[in-house]
Each structure stands twice: as C-alpha cells, then as structure tokens.
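Take a look at the structure below.
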Amino acid sequence: MRKTLLGTMAFCMMPLFAQKEASIKIFPDQGTEVISRHIYGQFAEHLGSCIYGGLWVGENSHIPNTQGYRTDVLQALKNLSIPNLRWPGGCFADEYHWTDGIGPREKRPTMVNNNWGGTVEDNSFGTHEFLNLCELLECEPYISANVGSGTVEEMAKWVEYMTSDGDSPMARLRRENGRDKAWKVKFLGVGNESWGCGGSMRPEYYADLYRRYATYCREYDGNKLFKIASGASDYDYTWTEVLMDRVGARIEGLSLHYYTVTGWSGSKGAATQFTEEDHYWTMGKCLEVEDVIKKHIAIMDKYDPRKRVALMLDEWGTWWDEEPGTVRGHLYQQNTMRDAFVAALSLNVFHKYTDRLKMANIAQIVNVLQSMILTQDTKMVLTPTYHVFEMYKVHQDATYLPLQLICDVQKARDGREVPMVSASASKAENGKIHITLANVDLKNNQQVSLSLDNVKVKSVNGRMLTTKTITDHNTFENPDVVKPVAFSGAKVNKGSVDINLPACSIVVLEVQ
Ligand code: AHR
C-alpha cells in the first residue's frame, strides 16, 4: 500500500508507507459553489417492478396505498428529500406514447415493453399518475420524451398538455381528464441514449433532430423549460464534442450515462456473492467516473467556458446479474454494503464538479438495478444505498468545501489505484459543516486526523453505516442488517478531530 494526496487543492503521489492513517484538511473559507440538490436525483422507468408493484399498486390493491401509490414506499421516499424524478425511461421513453397513458384507466391501450422482458404494459400509470406522485414527493418532474419512435407533434403536444394553463386544445383535454391546473415541468429530456436504444443515431443526425424537436417544445404560461439533450455513454467523448459544437447554444443540459458494470456481454457478477478482489475492482471502476466526468467537462469548457450548459449524469449506479428466480429483463438486483460504497464514493466525487455537474440520477428508485427500496407484495425493505442517500442529504444545496486528503491506496486487480478513504465536506446555511467519509478498506481501521483551516472545532457528532462482511444486505426476512447507527469514533482534540474510522464503514459527521 502507499499513500496519496487527493482533493481539490493539490494532487501528488507520496512515497511508500505501510500505515493505516489518513489526514483531511478542510478549507471552510474557500467554498464558492453550492452542491446542486439535483445531484441527489432519482430515476423511475417502466421496467420490471419499478413502477408496477414498486411505486404504484392502484387504489383497489390489497397493498396499503395512498391514491394508488404504495404508502410504505411513499413514506420512505419522503424521508430522502428527493429533488427530482426522471420518467418514463430510459430505453422505455423512446417507445412510449404519452396519449396511451391518459384518460380512464380501463380504456387505456396496452403495449409490449420491448426493451424490458416483453412484458405487457397496461399504461395504468401515465402522465397524471407520475406528475401527481412528484407533487406528493415534493420533487421536480424530469420528463424524458420520445425522439426515437415519436413525432415532433407528439412531443410538442405533451408539453402543452402538461404545462398549458390557457384555453388550448391540450389543456382542455387535460381538464377533461380531471386535472384543471397545469403542472410545472422544468426538466425535459429530448430523447434518451439516442446512440443506442433511443434510435441508434449518429451524433450529427441526433444534433439535427434535437434542433427540430426542441423548437416546438413551447413555454406556456410562465413554465420555463430546461431542455436536456441526449448525451454520451461513458467514454464516448466524440458524442459530447459533436453535440456541444452543433447544439451547445440551444441546450440547457447535456446528459451522460455511466454504470459501474463489469461489461455489457456475459455475466456481470452476482450482487451478493463476490470476493474482496471484486470489491476493490468495483471501487476502482466506480471512481473512474471522476476521470470520465473531467474529460466530458473539458470538452464542454471548450465550447462553453462560462459553464452555461449543465452536465447531467442522469443514469449511474451498479449493474449486476439479475437475482436468480426473477423475471429476465426486469433487472431486479440485491444491494449490499458494496453498493452503499459505490453510492458514497460517487456522491463524494459528484460534489467536486458541482460547478458543471448539476444533476445526477441513480438507476433506479425501486426494484431495478441499484435501488433505494426493494418490495415483495406487501413487504418493503430499505437497501444500504437508501441509507447512504438519507445520510448524505445534508449536502443538498449546501456550499461545497474544498479539502485535502492523504490516505493509503491499494491496487485493484486491473491495476486501477483505489484510495482507501473517500471524503467530502459542505457548509449548510446554518453554518454547520457536514463531512461524509468512507473507509473501503475491508480489513483496516483508519486513524483519520481531521482539521479545518482557520476554524477550531467545538463539537462533533455523527452516524455510521457499517457491516462485518461486505456482502451483507437487507432482506425481507432480515430488513435491518445494514442500517445507520450512532457514531462515537470522532473526538475533538485541540480544535481538530481524531476519527477512528472502522474498516468497511461510511460515516457522516456534523461539526460546529
Ligand atoms: O437503467 C436501465 C437502462 O440503462 C435504461 O433504460 C437505459 O437508458 C440504460 O441503458
């Protein structure tokens, strides 16, 4: 193992040491950027049991519900302070025709969900059900609209249907369907993965289509649209280059997708059965998102040095094999402490780029990929990832504080260097400073010495997520195996803080 200095202030490699000690210096006076709360965004696709069974069960279900939404899930999600929710896809979005999902539910047409297991979709969850859910969750809707198989007229009318308050044809139709007042819809995605499931397009062709579709998405009655162009996958820097060159002046946001996945063909590995080596590989792959973000940002900076266009990482998270015995194509996976680390490390990285990275949406909210919640009939379980989002919510809209971190590094089996400690800090409006820390080392505690430049710490308290074994997870039978506990390992020492960070732990501290 060796030590490395990480952070926003300086980057350099230090000589070899074999110590389990780390140090963090935070610069409370140097915060200039607010961490966009939209980095804590969520994503709900018509995929497997994300919508049906996960969020929506209908008013007549035996599962306790509030206007058709699962009451247990609704309550749990409210506790996350979700800033925005992306819907209806994903790949589903480019086959979705919104008019199928309005009007009396029993009269809505069915369709085949070709992307996700060929399941028959009955459209009982549509525009009203989604936008009303956003109202209940007090979050901003993010509509991902169909470019791949939809028409310009269809998209234009959807925007009118949702947001026009006047006496327009679509506003009248909405009123006939029971909703008088228009909703406010800010975030509008013009297509999804247009290089793949969204139409297999070249970036040049998509850029032209973007101009055409976006032209007719009007702003009604004070509803200001934030239009987001379909962006690159992972390392496809050409896509970003072409889009910024051709439509950079016409977009508010450009998306990017990055999954922590072993590869797209063959087995991706089981969610709950993996080795320590697999764990460190996962940490390395998840942290590589920083390099990917930096490279996309460098391209954006070239075309947009004033950072007018936001980078929107509107799909990210882990992607493992589907759980044995579940429906193929429904992407139902369990969620262990390893997934919690991916969430913690990723969010710590995202904060650093908040001057450009204005939104991120973990995939997906319930029952799909790296979800917050798993459901099974009447039962619900909160995943380790849920707990990270809950612990980290203190960072939403707080001022990002630069820091320097020195810690041990381990080489993963593919040669990627994995720092054992990850950290991020922010200052809330009330002056409290929050620090999120993760020790991904599965064997060693880290003695962390934490100091704040020009500030003497008076008090510290915290909470911790930790497990004995990295594969630990919550099940319907044992739902509380992984859950936050009070953390007593941080002590104020002459204005600094000494932290004993246990192996395999994630901690949030509040210092004053
Ligand atoms: O999140 C699952 C899928 O991953 C989405 O539908 C698609 O956009 C991406 O490829």
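The values are calculated or read from the model by the stated rules, or taken from the named source; none is laboratory data. Every value quoted in this text rests on a predicted model; they were computed, and no experiment measured them. Note that we place each Cβ from the backbone using ideal geometry, even for glycine, and neighbour counts take in every protein chain shown. The protein model used for the area step is the full one, side chains on, heavy atoms only, and it has no ligands, DNA or RNA in it. Shrake-Rupley method; radii C 1.70, N 1.55, O 1.52, S 1.80 Å.
Would you mention how many residues in region 342-366 are more than 16 Å from the ligand (Cβ to nearest atom), of a type in the set (A, V, I, L, M, F, W, C) and in a helix (DSSP H, G or I)?
Count: 5.
How many residues are touching a helix residue (DSSP H, G or I) at 6+ places or on another chain (Cβ under 6 Å) and open to solvent by less than 40 Å² (accessible area, probe 1.4 Å) when one looks only at region 149-162? Can you show your working first?
Applying the first criterion (touching a helix residue (DSSP H, G or I) at 6+ places or on another chain (Cβ under 6 Å)) to region 149-162 yields 149, 152, 155, 157-158, 160-161.
With the extra rule that they be open to solvent by less than 40 Å² (accessible area, probe 1.4 Å), the set shrinks to 152, 155, 158, 160-161.
Of the residues in region 149-162, 5 are touching a helix residue (DSSP H, G or I) at 6+ places or on another chain (Cβ under 6 Å) and open to solvent by less than 40 Å² (accessible area, probe 1.4 Å).
Check residue 189 against each of (1) assigned to a loop (DSSP other than H, G, I, E, B); (2) open to solvent by less than 10 Å² (accessible area, probe 1.4 Å); (3) within 21 Å of residue 313 (Cβ to Cβ) and name the one condition it does not meet.
The failed condition is (1).
Within region 21-79, work out how many residues are part of a loop (DSSP other than H, G, I, E, B) and farther than 30 Å from residue 441 by Cα.
Within region 21-79, the subset part of a loop (DSSP other than H, G, I, E, B) is 27, 31-33, 35-36, 44-51, 53-55, 57-64, 67-68, 79.
Adding the requirement that they be farther than 30 Å from residue 441 by Cα leaves 32-33, 44-51, 53-55, 57-64, 67-68.
Residues that pass the stated criteria total 23.
Restricting to region 192-213, give me the number of residues that are open to solvent by 70 Å² or more (accessible area, probe 1.4 Å) and either closer than 15 Å to residue 127 by Cβ or out of contact with any Pro (no Cβ under 9 Å at 6 or more places or on another chain) (or both). Steps first, please.
Here is the first cut: in region 192-213, the residues open to solvent by 70 Å² or more (accessible area, probe 1.4 Å) are 195, 200, 202, 205, 208, 211-212.
From the residues that got through so far, the ones that are either closer than 15 Å to residue 127 by Cβ or out of contact with any Pro (no Cβ under 9 Å at 6 or more places or on another chain) (or both) too are 200, 202, 205, 208, 211-212.
Going through region 192-213 one residue at a time, the tally reaches 6.
Can you find, within region 64-105, the residue that is nearest to residue 48 (Cα to Cα) among those that are away from the ligand (no atom under 16 Å from the Cβ) and of a type in the set (A, V, I, L, M)?
Ranking the qualifying residues of region 64-105, first place goes to 73.
Could you look through region 177-202, keep only residues that are without any contact (Cβ under 8 Å) to a residue 12 or more places away in the chain and more than 16 Å from the ligand (Cβ to nearest atom), and pick out the one that is nearest to residue 251 (Cα to Cα)?
Among those residues, the one meeting the criterion is 202.
Quick check on region 106-148: of everything there that is open to solvent by less than 40 Å² (accessible area, probe 1.4 Å) and of a type in the set (Val, Ile, Thr), which residue is farthest from the ligand (Cβ to nearest atom)?
Among those residues, the one meeting the criterion is 127.
Answer with yes or no whether residue 406 is of a type outside the set (Gly, Ala, Ser), in a strand (DSSP E or B) and within 16 Å of the ligand (Cβ to nearest atom).
It is false that residue 406 is of a type outside the set (Gly, Ala, Ser), in a strand (DSSP E or B) and within 16 Å of the ligand (Cβ to nearest atom).
Need the failing condition index for residue 339 against (1) within 16 Å of the ligand (Cβ to nearest atom); (2) modelled with pLDDT of 95 or more; (3) not in a helix (DSSP H, G or I), just the number.
(3)
State all residues of region 433-456 that are under 15 Å from residue 23 (Cα atoms) and either among the hydrophobic types (A, V, I, L, M, F, W, C) or not in a loop (DSSP other than H, G, I, E, B) (or both); if no residue qualifies, say none.
Those that are under 15 Å from residue 23 (Cα atoms) and either among the hydrophobic types (A, V, I, L, M, F, W, C) or not in a loop (DSSP other than H, G, I, E, B) (or both): 435, 436, 437, 438, 439, 446, 447, 448, 449, 450, 451, 452.
Condition test on residue 491, is it at pLDDT 95 or above and not in a loop (DSSP other than H, G, I, E, B)?
Taking the combined requirement at face value, the residue satisfies it.
One line per residue, one yes/no per condition, for (1) surrounded by fewer than 23 Cβ atoms within 10 Å (Cβ to Cβ); (2) in contact with a strand residue (DSSP E or B) (Cβ under 7 Å, 6 or more places away or on another chain):
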residue	(1), (2)
442	yes, no
453	yes, yes
472	yes, yes
481	yes, yes
484	yes, yes
493	yes, no
504	no, yes
510	yes, yes
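Under 25 Å from residue 330 (Cβ atoms), in contact (Cβ under 8 Å) with a residue 40 or more places away in the chain and part of a helix (DSSP H, G or I): does that describe residue 173?
On the way: under 25 Å from residue 330 (Cβ atoms): no; in contact (Cβ under 8 Å) with a residue 40 or more places away in the chain: yes; part of a helix (DSSP H, G or I): yes.
So residue 173 does not fit the description; no.
Inside region 413-440, can you point out the residues that are out of contact with any strand residue (DSSP E or B) (no Cβ under 8 Å at 6 or more places or on another chain) and among the polar types (S, T, N, Q)?
430
Can you say whether residue 377 is touching a helix residue (DSSP H, G or I) at 6+ places or on another chain (Cβ under 9 Å) and either open to solvent by 20 Å² or more (accessible area, probe 1.4 Å) or over 26 Å from residue 511 (Cα atoms) (or both), as far as the supplied structure shows?
Against the criterion (touching a helix residue (DSSP H, G or I) at 6+ places or on another chain (Cβ under 9 Å) and either open to solvent by 20 Å² or more (accessible area, probe 1.4 Å) or over 26 Å from residue 511 (Cα atoms) (or both)), residue 377 does not qualify.
Could you give me the residue pairs with C-beta distances under 7 Å whose first residue belongs to region 444-465 and is within 22 Å of residue 27 (Cβ to Cβ), whose second residue is hydroxyl-bearing (Ser, Thr, Tyr) wherever it lies, and which are 6+ apart or on separate chains?
448/23; 449/23; 449/496; 450/496; 451/496; 457/496
Can you find even one residue in region 56-63 that is under 30 Å from residue 196 (Cα atoms) and within 16 Å of the ligand (Cβ to nearest atom)? Quick ask: steps written out before the conclusion?
Here is the first cut: in region 56-63, the ones under 30 Å from residue 196 (Cα atoms) are 56.
Checking which are within 16 Å of the ligand (Cβ to nearest atom) leaves us with none.
There is no residue in region 56-63 that is under 30 Å from residue 196 (Cα atoms) and within 16 Å of the ligand (Cβ to nearest atom).
Name, by its number, the condition in (1) within 30 Å of residue 49 (Cβ to Cβ); (2) touching a His at 6+ places or on another chain (Cβ under 9 Å) that does not hold for residue 374.
Among (1) within 30 Å of residue 49 (Cβ to Cβ); (2) touching a His at 6+ places or on another chain (Cβ under 9 Å), residue 374 violates only (2).
Quick test of your reading of the structure: residue 212 fulfils all but one of (1) more than 25 Å from the chain's Cα centre (by Cα); (2) of a type outside the set (A, V, I, L, M, F, W, C); (3) under 22 Å from residue 135 (Cβ atoms). Name the failing condition by number.
(3)
Residues to consider are 42, 75, 30; find the one that is under 21 Å from the mean Cα position of the chain (by Cα) and over 30 Å from residue 118 (Cβ atoms).
75
So how many residues does region 237-276 have that are within 20 Å of the chain's Cα centre (by Cα) and of a type in the set (Asp, Glu)?
Selection size over region 237-276: 1.
Identify, from the list 43, 27, the residue that is crowded, with 21+ Cβ neighbours inside 10 Å and modelled with pLDDT of 95 or more.
43
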